[in-house]
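Data first, discussion second: the structure below is written as structure tokens.
None of the figures in this text is laboratory data; all of them are computed from the coordinates on show. Predicted, not measured: the structure shown is a model, and the values here were computed from it. Note that each Cβ is placed from the backbone with ideal geometry, even for glycine, and that neighbours are counted across all protein chains shown.
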Amino acid sequence: MFLTFLRINFQRYSYYRMSLFLDMLASAVFIIFNLAFWEVIFSKTDSFGHLTQGDIYIFLAMVELLCILEIAFFNQFGKVWDYIVTGELDKLLIQPVNPIFYLLCRTIHPWNLIKALPVVLIMAYAAYEQGVVFHISSVLVAITTVVFATLVYAFIQLTTSCLAFWLGRISLIDEVADNLHLLNKVPHVIFSNKVKWTIGLIAPLGLATTDAMLFIKEMDGQAVAISLGIMACSLALWAGLFATLWHFGRCRYNSYGG
């Protein structure tokens with residue numbers, strides 16, 4: 001079913017190739033401005049914390065990868081509350097499959113993955129120019145860490161959306177959940193390990209992108225193992241909260257029209 005929806009969405013978006021090209025161009029322009037911003041900063045200093053300019057470029061690539069994965073696969077998870085309030089949830093509940101899985105299949109945007117190409121290529125080239133050495137194993141581990149964090153973020157959005165079963169419209173909570181990605185805009189090397197791990201347990205976005213970058217830089221298996229362990233605990237926490245709220249929320253849910 002997932003592959004069928006993936007194929008259908010690929011076909012649908014193939015009719016809007018110019019829109020895709022413009023999106024890729026916009027992403028490339030955004031990242032170039034971002035690089036220019038850090039270029040100005042490093043013209044005044046040699047390092048940010050203990051990070052070099054090349055390290056920052058790798059960090060930015062991880063941040064953009066996380067954002068693109070979230071948009072491509074889980075872009076509607078944070079809007080489930082609107083389905084609940086408007087009664088659109090009925091359309092998901094009557095399907096012969098898990099409603100969340102059906103929502104994932106129906107709203108997947110695979111073309112957004114292509115937008116990662118200019119971003120990652122520009123970042124990789126910039127980092128290479130700064131002397132960063134890439135290893136296939138370290139890059140794969142870094143990508144896995146970012147994918148893990150994206151999955152946790154999806155459960156965070158689902159969990160907050162379930163509050164609509166009790167609170168109705170939750171636009172403010174939705175805004176807070178949407179802006180959690182701001183936690184990964186600055187490398188978490190500015191925090192102590194205890195603070196970084198505490199934030200990571202609640203919302204591991206910044207933890208993932210920071211430690212993914214550090215693993216590419218230092219190949220420190222112990223540090224990334226700790227991060228993955230914290231993210232596993234975070235995933236269990238949010239998945240458990242979601243399952244609980246989803247179960248009891250549906251018990252009190254009235255479909256559209258009563």
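Miscellaneous remarks
- 0 to 90° range, to nearest 10: angle between helix 17-42 axis and the chain longest Cα axis: 40 degrees
- Square roots of 5 times each gyration tensor eigenvalue, C-alpha, the range 88-203, largest first, Å: 33, 21, 13
- The residues packed around Ile84, meaning those with a beta-carbon under 15 Å from its beta-carbon, carry a net charge of +1 if Lys and Arg are +1 and Asp and Glu are -1.
- Mean-position separation - Cα centroids, the range 93-163 and the range 181-243, in angstrom: 15 Å
- Set against the 2.2 N^0.38 Å expectation for a compact globular protein, the range 15-121 has a Cα radius of gyration ratio of 1.45.
- A simple spin-label model places the labels of Ile190 and Ser47 1.8 nm from each other, with each point 7 Å out along Cα-to-Cβ.
- Angle in degrees between helix 221-252 and the longest Cα principal axis of the chain, rounded to the nearest 10: 20 degrees
- Residue of Leu51, Leu60, Leu207 that the Gaussian network model of the chain assigns the largest fluctuation, springs spanning Cα pairs under 10 Å: Leu51
- The angle between the Cα long axis of helix 53-73 and the main principal axis of the chain comes to about 20°, on a 0 to 90 degree scale.
- Of every Cα-Cα pair in the range 185-239, the percent that sits beyond 12 Å: 61 percent
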